[in-house]
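Report on one structure; see the data block that follows.
The values are calculated or read from the model by the stated rules, or taken from the named source; none is laboratory data. Treat the numbers as computed from the prediction; the structure is a model and nothing was measured. Don't worry about glycine lacking a Cβ; one is built from the backbone with ideal geometry, like all the others, and counts go over all protein chains shown. Note: areas computed on protein heavy atoms with side chains; ligands, DNA, RNA excluded. Shrake-Rupley method; radii C 1.70, N 1.55, O 1.52, S 1.80 Å.
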Amino acid sequence: QYGKLTIGSTEATTTYYSGTFDETPCVFTGAATNKNTKFYAGSIVKSNKTNFVYQFMPWVTTKEDNLSSTEEVPFLALQEGLHQFGDLNCEVGVVTSNKATSSNPWTDITEVTFQKPFPEGVIPVVFAEIRNPSYTTSSTNKTSLTTRVFDVTNTGFKFIIYSEEASSRKVAIAQKVQYLAITPGIGTVDSEQEIII
């Protein structure tokens, strides 16, 4: 399922799917607009079979801790596995990141191998998001987390998790990370509505 969220605050927003998924889907969200130029935030997404909850998590260094204008955030919910959008092959999966070791403030590098390799010479585009972030600190000491993807090949990729910019807070525990790897190009999710990816 796909759609666009209209969000006017940093409160949690629940979106119900048009039907119930067989398994909890992976929900991928796009970037917010640039309407709130002094508002810097990550996001939290919690999903189950019938709905998902989206919430902005303002950075501790942000100049504004709430929205001055309504934001629009696109989303795509897909179940784990292999998908086909026109000529585009797509793989969706969930992995657990490695923990941080010693004095490393971020998680250690995690390597992911695709269920099915993309064709030789095809380097997929990879989107990776933290699924329901886990924290060991109190709710008043949470920090926005982000995933950096690198070394993408036709057989897999690597990623590492950082805490927000200008924060020295350690990513203390492993995180569930969902990823979407897709063939570069243009494909159609819904031909009747002309929804293109």
- Return the pairs, sorted by first residue and then second, in which the second residue is open to solvent by 10 Å² or more (accessible area, probe 1.4 Å) and assigned to a strand (DSSP E or B), the first residue lies in segment 86-97 and is at positive phi, the beta carbons are less than 9 Å apart, and the residues are 6+ apart or on different chains. 86/188
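Given the condition part of a loop (DSSP other than H, G, I, E, B), of a type in the set (Val, Ile, Thr), modelled with pLDDT under 95 and surrounded by 14 or more Cβ atoms within 10 Å (Cβ to Cβ), answer yes or no: does some residue in segment 159-166 qualify? Step through it out loud before you land on a result.
Filtering segment 159-166 for residues part of a loop (DSSP other than H, G, I, E, B) gives 164-166.
Those still in the list that are of a type in the set (Val, Ile, Thr) too: none.
No, there is no match, as no residue in segment 159-166 is part of a loop (DSSP other than H, G, I, E, B), of a type in the set (Val, Ile, Thr), modelled with pLDDT under 95 and surrounded by 14 or more Cβ atoms within 10 Å (Cβ to Cβ).
Residue-wise test of (1) over 18 Å from residue 42 (Cα atoms); (2) at pLDDT 70 or above.
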residue: 145; (1), (2): no, yes
residue: 150; (1), (2): yes, yes
residue: 177; (1), (2): no, yes
residue: 194; (1), (2): yes, no
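Could you grab me the full set of residues in segment 105-134 that are among the acidic types (Asp, Glu), part of a loop (DSSP other than H, G, I, E, B) and open to solvent by 60 Å² or more (accessible area, probe 1.4 Å)? Working first, answer last.
Applying the first criterion (among the acidic types (Asp, Glu)) to segment 105-134 yields 108, 111, 120, 129.
Filter once more, so that each one left must be part of a loop (DSSP other than H, G, I, E, B): 108, 120.
Of everything in segment 105-134, just one residue is among the acidic types (Asp, Glu), part of a loop (DSSP other than H, G, I, E, B) and open to solvent by 60 Å² or more (accessible area, probe 1.4 Å), namely 120.
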- Query: Residue check, residue 41 against (1) out of contact with any Pro (no Cβ under 6 Å at 6 or more places or on another chain); (2) open to solvent by less than 40 Å² (accessible area, probe 1.4 Å); (3) not basic (Lys, Arg), all met but one. Which one?
  - Reply: (1)
- Among the residues of segment 51-73, is any under 25 Å from residue 156 (Cα atoms) and either in a strand (DSSP E or B) or not hydroxyl-bearing (Ser, Thr, Tyr) (or both)? no
- Query: Got at least one residue in segment 11-33 being modelled with pLDDT under 90 and part of a strand (DSSP E or B)?
  - Reply: no
- Task: Look at segment 58-96 and say how many of its residues are open to solvent by 50 Å² or more (accessible area, probe 1.4 Å) and of a type in the set (A, V, I, L, M, F, W, C).
- Result: 3
- Message: Please go through segment 1-10 and give me each residue that is open to solvent by 30 Å² or more (accessible area, probe 1.4 Å) and either free of Cβ contacts under 8 Å to residues at least 24 places away in the same chain or assigned to a loop (DSSP other than H, G, I, E, B) (or both), ordered by number.
- Response: 1, 8, 9
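Working only within segment 179-192, note down all residues that are at pLDDT below 80, surrounded by 13 or more Cβ atoms within 10 Å (Cβ to Cβ) and not hydroxyl-bearing (Ser, Thr, Tyr).
First, pick out the residues of segment 179-192 that are at pLDDT below 80: 187-192.
Restricting the remaining residues to those that are surrounded by 13 or more Cβ atoms within 10 Å (Cβ to Cβ) gives 187-189.
Listed by number, the residues that qualify are 187, 189.
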